[in-house]
Every structure is written in structure tokens, then in C-alpha cells.
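Following: one structure in C-alpha cells, then a few remarks.
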Amino acid sequence: MLVGRVSSFHRDLKPHQCSESRPHSNSCLTLAQQECIISAMSDLEAPLRPKRKKIWVDYFVQFRWIIVIFVVLPISFTIYFLTYLGDVRSEWKSYKTRQKEHDENVKKVIKRLKQRNPSKDGLVCTARKPWIAVGMRNVDYKRARHFEVDLSAFRNVLEIDKERMIARVEPLVNMGQISRVTVPMNLALAVVAELDDLTVGGLINGYGIEGSSHKYGLFADTVVAYEIILADGTLVRATKDNEYSDLYYAIPWSQGTLGLLVAAEIRLIPIKEYMKLTYKPVVGNLQDLAQAYCDSFAPRDGDQDNEEKVPDFVEGMIYSPTRGVMMTGIYASKEEAKKKGNKINSVGWWYKPWFYQHAETALKKGEFVEFIPTREYYHRHTRCLYWEGKLILPFADQCWFRFLFGWLMPPKVSLLKATQGDAIRNYYHEMHVIQDMLVPLYKVGDALEWVHREMEVYPIWLCPHKLFKLPVKTMIYPEPGFELHRRQGDTQNAQMYTDVGVYYAPGPVLRGEVFDGAEAVRKMENWLIENHGFQPQYAVSELSEKNFWRMFDAGLYEHTRRKYGAVGTFMSVYYKSKKGRKTEKEVQEAEQAHLETAYAEVDQPVD
């Protein structure tokens, strides 16, 4: 095995004066040793795969940049600009006016729900078009007949309560919109997902993470209250300690299948004007890179809640099987950032190098520190869509393009989906990987080795998050008994997990070899089930219903679906996530099965 051979080779090296707390770091290896490791890695052959014969779709994908340049980018920029104007107009209104409009819109939704005839009409579904969703999972369930409810008006920030440190927002408020409002106040959501277009509703009902999640958990963990319209048209406010506490804990990951979210109260934190970011290069094998990542934010003495030992932000990027860069950020004041000798880097300007490429320079010039304006740091991956922009527009990272046309970036994901058609969509399912693997922190090295062996996708994104031990068992939950082991990063009330973000074309595809994307995803899902990991359902899933409920826990979700009348009104979360088109008959039969049985067959999750 490639990784095993390199691990053995690396263990034979004897770096001098390397401390126990920071093994195999870049600073502990001589240049000759580093080159020896990399040379050994490059000399090992990748698994042999037969060459794949090109078909017409390959050429269409190769030259898709023409459509992106002349169609997608101009329309995207126009939509971004018009949306910005709409947001500004909304911000001119008083909170009282916005609340009044919100109440009127809620009444319209309730009235619409009560017009539904369960015996004649289809299941309730939002009127949002399938291609508008930011996630790569195709919203094929909307192709079946459904009863549409329009939530497009719910895109306002309703209140910023500085005393309670709460932001009350509607579900279609996106991250760019809310950071534009809060950051000038030196406030921010505790978890601000990186891409501007990600909405509050999607991050709550689905999955949301950021570099601060090692302190605050996932996006849904920072929500104080949900305002939900139930199947019968009742508006309720769910918190962790009121009569709807079961609904409060069940909503995250439910994909909007328990009710219609119309507002949320989300925790705010105080921030400063700049992020002091340290870039630390690491050279070694994949297990070494994983350990360096753990050491960057998780004290080995277990003092994980100590503010002086844990940075405000954490992020790791693995650029190859032997090289990575670990980044840690600490909020810094304007006065500190502008001290003589400090470097300020405004990464948000359109002509600047893409962030992941800028971070990679640490591998050549060594560890360095710079100060980035906080809001620009929050959205550092927006312009290049992490590194997906390199595949969409191969030359968009070049100086000339960034300077002349960088202001048009990024293309809207929804427009990319709208212009691809079924053939290209299927091509991406087979020849592209956009997946997140949520794994316990101590298994990150194993996950990196698995990805290298099965997919060979680089760069890889690493972002830690707490998985809290809650009063009830939710769809995702820590490993039983994790608190007894007290592994690195864990606390008494939370197990530390990591998002291993795998986004790009696999190595075999780039080499023109045969690659079965669906089979690779199935293997990944089985690996996650065996290792108590989770797969966010924004991505394409190959899970069967049985395996879906082996990965996730169904107990609380099924209980609340029945208690609050969601069964027969909203599609089940598995069926909503299921790959492939769904006919009206399939949808109705699936819901009828839930109505007629107390519970679907559910296997206990694998420990």
C-alpha cells in the first residue's frame, strides 16, 4: 500500500531536536530529509487503471468555460448586483417595518398550507426551483407533483439584539448579507460559513461549518430558537427548554421535512476588525500531516476550553500526500494590525491571488503571519469556490484574468447547475467528487489515507468541529463513551470531529483513466458508517434507506415527524436526499409506507 510504504520510510528518519509536542514538523526536518520523503512518495506508482475512452461529453466539459465566460459570469454578476440592491433597500427599513412584513408573509404561508387537500394534492414543497439550491445534490424530488409554498420573501435580517447578542433572521438570509450587517458593529455569527451564497435555512436544515466550529460546533448548534410552521399551519417557537424542545433538537439535518422554517434566532459573538492568521507548512506522510493539524488547535494536555491555548479559527489544507499548510487565526484590533512591521493582506479584492494558492506559498517561504480584514477572511473561499474555480475556468487564477475580469467572479452555483443539462450532470456525478466526510478527530489520518487510496483528490480541506453530547440522541451524535477516553480535542460535553472536504476531479480522471464515481461514493459511505462518521446530505448520496439509518439515528426524527403531523405532508429526509428522479407514484408510495408502519427498519449505528 502506497501510504504504508511511505509511513515505514518516514519512521526510519531521525529528525534532530524535534519536540514531542510537534513531531515531524517542517522545522524539525532537514531539507534533504524532506526531499527524501517527497522523492519516495513520487516514486511509488499509483494503482493501475485502464485508460478511459473519451466521449462527446468530455469535450463539452473541457470547453464549458466558453459558456461560463459569456453567459454564466455576466448573468451571475447581474444577479449579485440586483440582490445587493434589494438587501440595501431592506436595510433601509426599520426593524419594526421588517417585522410587520414578516408577520404578513407568515400569514400568507399559513393560509396557503390550509388550502391543501391531503387526499388530492401532493406533498408540501417550497416553490424554489430545483437548480437554485447551492448544494450539488440534485433536487430531483421536485420533479414529482407537489404542493408549492412560496418562501421567497423571507430574506430579511429582522433584528440585531446587542443586549441578548442574538440575530433574528429569515431563512433566505445568506452569509454575505448578514456579515455585511454585523461586522461593522464588531459582531458576527458564532459560525459564519465561508461562501457568500449559503443561506441560514440551508445551514440549519442541512449542514454548516466554519473554522470557528472547534469552539462553537456546527451552525445549527449556535441557533437559540426556531420559528416553524407545522403541517397543520400552526406557528411555533422551538427552543431547547420549552415545550417544543424535541422539535428544536430534531430540526438540524432534517432537510426541512418537519415544518417550514420562517425565522431563527442565532447567537452573536464580539469580534475585532482583523484576523491575525498564521500559516504553518508541514511536510511528512499523511499521518504526520493529520497530527500537525490536530496539534494546531487541540492542546495535548486536554485543556481544550482554555481560550489562551485554542485559536479563534482553524483550517488545514492538504496539497499532496506529503505537503500541507495549517492555518490558525486570532482576532486582532485595528491598532494591532497597523503596527509597524505587520503585514495587512486584503484578500477580498478581485485581483488578489486565490486564497488556497496564497496559502500554498507557505510551503516555499516557510511559516509567516499576516493580518486580514475580518469580513474578507470569513469569505476567503468565495471567489474561487474553494478550488473548484480552477476546473470551471482553468485560466481564472492567472494574473491577467484576475485583474481584468476577477470582479465577475464567482459564477453562481445555481447558474452552473442550470446550464449543465442531464448529460453533464451525470458526468460530474461519475467524474467529480464534492463530498464532506465528518470523522472523529483521531481518525483524520486514516480518512486522509482512505481518500488518497480510493480517490486521489487534492487539495483536501480540513476543518474541525465539536459534536456535542446532548440531552437527547439526534440524527448525528458522538461515539458512545467518548468522554471516557479523553482523546486529543475532546471535552466532557463534546467530541471533536473534523470535516474532511474532498472537492475536485480525482487523480484517475485527470490522468484519463477509468473511474467509477458512484462506486467510490458507496465505498466512502460504508467507510463512514464503519468509523462512526457522517455524510452531509447536500452532496450526492448513494446510500440505501437501510444504510442511511445506519449512518444517522432515526429515533427522535421519526418521533417528531409523527407528533407534529409531518408524515404525509412533508417528504421524509431519506427520500428527499435519495439520488435520482422521483415520480409522483414513488413519492406517494414512500409516504404511505411511513403512514402504515410504526417505524421503518432501522439498524443500530455501528460503534
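Sorted by accessible area (1.4 Å probe), largest first, how do S544, S254 line up?
S544, S254
If a/c stays under 1.5 just call it rounded; otherwise compare a/b with b/c (prolate if a/b is bigger, oblate if not). Do that for the range 421-560, with a ≥ b ≥ c from the square roots of the Cα gyration tensor eigenvalues.
Taking the square roots of the gyration eigenvalues as a ≥ b ≥ c, the range 421-560 is oblate.
Keeping every protein chain in place, order W349, W387, W92 by accessible area at 1.4 Å, biggest value first, i.e. largest first.
W92, W349, W387
Straight-line reach from K469: which aspartates and glutamates have a Cα under 12 Å away, not including same-chain ones fewer than 8 places off?
Correct list for K469: D221, E479, E483, D490.
Ignoring everything but the protein chains, give the 1.4 Å probe accessible area of Y59 in square angstrom, nearest 10.
Near enough 120 Å² of accessible area.
Taking 0.36 nm per residue of separation and subtracting the Cα-Cα distance, what length does fully extending L510 through N242 add?
Computed gain between L510 and N242 is 91.2 nm.
F395 to Y80: extension gain in nm, 0.36 nm per residue of separation minus the Cα-Cα distance? Mind showing how you got there, number by number?
Working: separation 315, 0.36 × 315 = 113.40 nm, distance 2.24 nm.
Using 0.36 nm per residue and subtracting the Cα-Cα distance, I get 111.2 nm.
Need one number: nm distance between label points at Q115 and E308, each 7 Å from Cα along Cα→Cβ, rounded to one decimal.
6.3
When the Cα centres of the range 444-486 and the range 275-323 are compared, how far apart do they sit, in Å?
After rounding, the separation between the Cα centres reads 15 Å.
Using the Cβ atoms and a cut-off under 11 Å, what net charge is assigned to the surroundings of A520, where Lys and Arg are +1 and Asp and Glu are -1?
Spelling it out: positives minus negatives among the neighbours equals -4.
For K276, tell me the accessible area in Å² from a 1.4 Å probe, rounded to the nearest 10.
Solvent-accessible area, nearest 10 Å²: 70 Å².
Probe radius 1.4 Å, ligands and nucleic acids left out: which of R486, R112 has the largest accessible area, and how do the rest follow? Don't jump to the answer; show the numbers that get you there.
Details: R486 105, R112 85 Å².
Sorted descending by solvent-accessible area, the residues read R486, R112.
Suppose R0 equals 22 Å; then what is the FRET efficiency for K93 and D161 from their Cβ-Cβ distance, rounded to the nearest 0.05?
0.85
Give me the percent of accessible area attributable to carbon and sulfur for the range 409-504, probe 1.4 angstrom.
Exposed carbon and sulfur together represent 53 percent of the surface.
How would the range 265-351 be classified by its alpha-carbon gyration tensor: rounded, prolate or oblate, with rounded meaning a/c under 1.5 and the a/b versus b/c comparison settling the rest?
Oblate, because a/c is 1.5 or more while a/b does not exceed b/c.
Keeping all protein chains in position, work out how much accessible area Y427 exposes to a 1.4 Å probe, and write it in Å² to the nearest 10.
Its heavy atoms expose roughly 40 Å² to the probe.
Kirkwood-based Rg over Rh for the range 412-478 (C-alpha set), two decimals?
1.09
Under 8 Å for C-alpha pairs, at least 6 residues apart: give me the relative contact order for the range 369-512, rounded to a whole percent.
Once normalised by length, the contact order is 30 percent.
Can you grab the distance from the C-alpha centre of the range 48-72 to the C-alpha centre of the range 88-107, Å, no decimals?
About 45 Å separates the Cα centre of the range 48-72 from the one of the range 88-107.
Where only protein heavy atoms count, and the probe is 1.4 Å, what is the accessible area per residue for the range 336-492 in Å²?
Per residue, the range 336-492 has an accessible area of 40 Å².
For the range 206-312, go through all pairs of different Cα atoms, get the mean of 1/r, take its inverse, and jot down that Kirkwood value in Å.
Hydrodynamic radius (Kirkwood, Cα pairs) of the range 206-312 is 16.9 Å.
Roll a 1.4 angstrom probe over the protein heavy atoms and tell me the percent of accessible area of the range 181-326 that is carbon or sulfur.
Whole-percent figure for carbon plus sulfur exposure: 46.
When we measure straight from the Cα of K343, which aspartates and glutamates land under 16 angstrom away, once same-chain ones fewer than 8 places off are left out?
Qualifying aspartates and glutamates at Cα under 16 Å: E273, E335, E367, E370, E376.
Give me the base-10 log of I(q)/I(0) for the range 310-391 at each q in 0.20, 0.24, 0.25 Å⁻¹, Debye formula, one uniform scatterer per Cα, rounded to two decimals.
Each listed q maps to, in turn, -1.05, -1.43, -1.50.
Suppose a student asked you for the relative contact order of the range 453-559, using Cα pairs under 8 Å spaced at least 6 residues apart; what percent would you report?
33
Shape verdict for the range 450-502, please, from the Cα gyration tensor: rounded (a/c under 1.5), prolate (a/b greater than b/c) or oblate.
Because a/c hits 1.5 or more and a/b exceeds b/c, the range 450-502 counts as prolate.
What number, in percent, do you get for the relative contact order of the range 196-353 if the mean sequence gap of Cα pairs under 8 Å and at least 6 apart is divided by its residue count?
21
Under 16 Å Cα-Cα from K563, which aspartates and glutamates qualify once same-chain neighbours fewer than 8 residues away are excluded?
K563 reaches D232, E243, D246, E591, E596.
Provide the gained length on full extension for the span W407 to E545, in nm with one decimal, where the gain is 0.36 nm per separating residue minus the Cα-Cα distance.
Details: separation 138, 0.36 × 138 = 49.68 nm, distance 4.39 nm.
Full-extension gain reported as 45.3 nm.
Over the range 254-312, with the other protein chains present, what is the accessible area per residue in square angstrom, probe 1.4 angstrom?
32
The values are calculated or read from the model by the stated rules, or taken from the named source; none is laboratory data. Nothing here was measured: the structure is a model prediction, and the numbers come from that model. When we count neighbours, we look across all protein chains shown, and the Cβ atoms used for this are built from the backbone with ideal geometry, even at glycine. Calculation scope for accessible area: heavy atoms of the full protein, side chains included, ligands and nucleic acids excluded. Shrake-Rupley method; radii C 1.70, N 1.55, O 1.52, S 1.80 Å.
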